[in-house]
Amino acid sequence: MSKSNSVPNLQIMTKCPMCSASYKKDDIKVINKNDGSLSIYLNCSHCKSSVVMLLMAGPMGVTSISIPTDITEEDFEKINSSDAVSCDDVLEMYKFLKDN
């Protein structure tokens, strides 16, 4: 997970899509920053539901995609600290699933 949890001054989703409670500043964490995109994790302190939001800058402005999730902030830390899946990993899984 990115060390910086500061959220840029953007108008993003302000209310939980599950219970309509307003997000608090501590409910919003930056997961990842890349050139032209930003991943944000929103965890409602009221109903405990979570949303992952991807913000992408393009020639027509900013586009956002929001996905409700059951992944925790700790899960994201594990994912970000693990190695990427290689082609060999995919082939090994394919062979395993084919044989079982």
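Numbers at a glance
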quantity	calculated
Sole residue being modelled with pLDDT under 95 and in a helix (DSSP H, G or I), chosen from Phe76, Phe96	Phe76
Check on Val52, in contact (Cβ under 8 Å) with a residue 40 or more places away in the chain and either in contact with a Lys or Arg (Cβ under 8 Å, 6 or more places away or on another chain) or in a strand (DSSP E or B) (or both)	no
Count - residues of region 58-76 that are over 23 Å from Met18 (Cβ atoms) and surrounded by 10 or more Cβ atoms within 10 Å (Cβ to Cβ)	1
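The values are calculated or read from the model by the stated rules, or taken from the named source; none is laboratory data. Small disclaimer: the values here were computed from a predicted structure and weren't measured. FYI the Cβ positions are ideal-geometry reconstructions off the backbone, even for glycines, and counts take in every protein chain you see.
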